[in-house]
1. Per residue of the stretch 284-289, in order, report the coupling 6.51 cos²θ - 1.76 cosθ + 1.60 (Karplus, θ = phi - 60°) as ³J(HN,Hα) in whole Hz, putting x for Gly and Pro.
2. Restricting things to alpha carbons, find the Rg to Rh ratio for the stretch 163-319 using the Kirkwood radius for Rh.
3. Pop the C-beta distance of ARG269 and ILE195 into the FRET formula with R0 = 41 Å and round what comes out to the nearest 0.05.
4. THR137: net charge of surrounding residues, Cβ under 11 Å, Lys/Arg +1, Asp/Glu -1, itself excluded?
5. Projected area of the stretch 97-223, taken from the Cα convex hull and averaged over every viewing direction, in nm²?
6. Which residues does the label zone of LEU139 cover in the stretch 184-200, counting backbone N under 16 Å from a point 7 Å along Cα→Cβ?
Amino acid sequence: MTPSLDHRGAARILDIAESRGSRSAALVGFAVILLLAAHAAARGGFPSSAQAAAMYSAGAYPALAAQAGESPEMKRLMAIGVAAAAMTAGAGAQDAVQWRVEDGGNGHWYATTDASVVWGEARARCETLGGHLATLTSLQENQFAAALAGNGTVWIGAFQPPNSCEPGCDWRWVTGEPWSFEAWAPPGANDFGGIEDVAETYASGGWNDMPDSGWLRKGLIEWSADCNADGIVDFGQIRAGELADANANNIPDCCEVGTACDCPGDTNRDGAIDGIDLATVLTRWGQSAAKFPEADCNRDGVIDGSDLAIVLGSWGACP
């Protein structure tokens, strides 16, 4: 049975939160979200994180709670829960921009990484974030993406395998795309000292070859993956809440575990993610995924917060 939450329970949670430090408050905040989810299931709906953020910033939730006849403790607890959801919605958001198809672009997303490191580490960081060092394969893409360098320079995904040939030849992209465009600034890729085997770009769009050691730059990251082959870059769908990404690595959960991406949170396959699916995950929490596979939304063998995040993050009608 889905647990309920009355004013006594709400007051008790508030007492705990106010008597403990910030570390405990964070744990209590997560408990609040779980309890609110169960409470919302009984009332017929729970807002998405984006909706919660909008409601909280507009001050709408206290009025809604009052209309629903909630106790003072419950109103306050709901406000805390919605605030937590709002903070979760903004946490870890990438400062990325899209080169939109309607603007003549490729639909990919671009940003700079948050730390200045050597080229090899920048490459690894971009891949950890679900993308890759940018591969600028046309004049238009180069002009769009290089502007993100600001007043400095950033690493791009061009490299020359050591000892591959004479300077200036055999440059490659980290993705294996054909090398059909280049934009070297004077004096070009001259491989000074025989050690300049990676590339950076200026904000002007001109490239320069550099050594892969001793020089620190931010990386220009590009998200281009479309793991579910629907013609839309996964990163944008995750940002829009259309694909679940419970571990926040910018790769859709469905692609990581090899399941269909159409509607992973629809536990009863009725075409919508709603209170029934929420109750399914909550009541099967911590139990055997082999016994209750419908509640294991991301098919990782455990029914836990990742599955709850998929349900809450995909609330509504299936695409």
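Just so it is clear, none of the values below were taken in a lab; they were calculated from the coordinates. Model, not experiment: these values are computed from the prediction. Reconstructed Cβ throughout: ideal geometry from the backbone, glycine too, with neighbour counts over all protein chains shown.
1. For the stretch 284-289, the Karplus curve yields 9, 3, x, 8, 5, 5 Hz.
2. Rg divided by Rh gives 1.21.
3. Calculated value: 0.10.
4. Numbers: positive: none; negative: GLU141, GLU177, GLU182, GLU222.
For residues surrounding THR137, the net value is -4.
5. On the way: hull surface 29.1 nm².
Taking the Cα atoms of the stretch 97-223, their convex hull projects to 7.3 nm² on average.
6. Once the point is set 7 Å along Cα→Cβ of LEU139, 184-185 turn out to lie under 16 Å by backbone N, inside the stretch 184-200.
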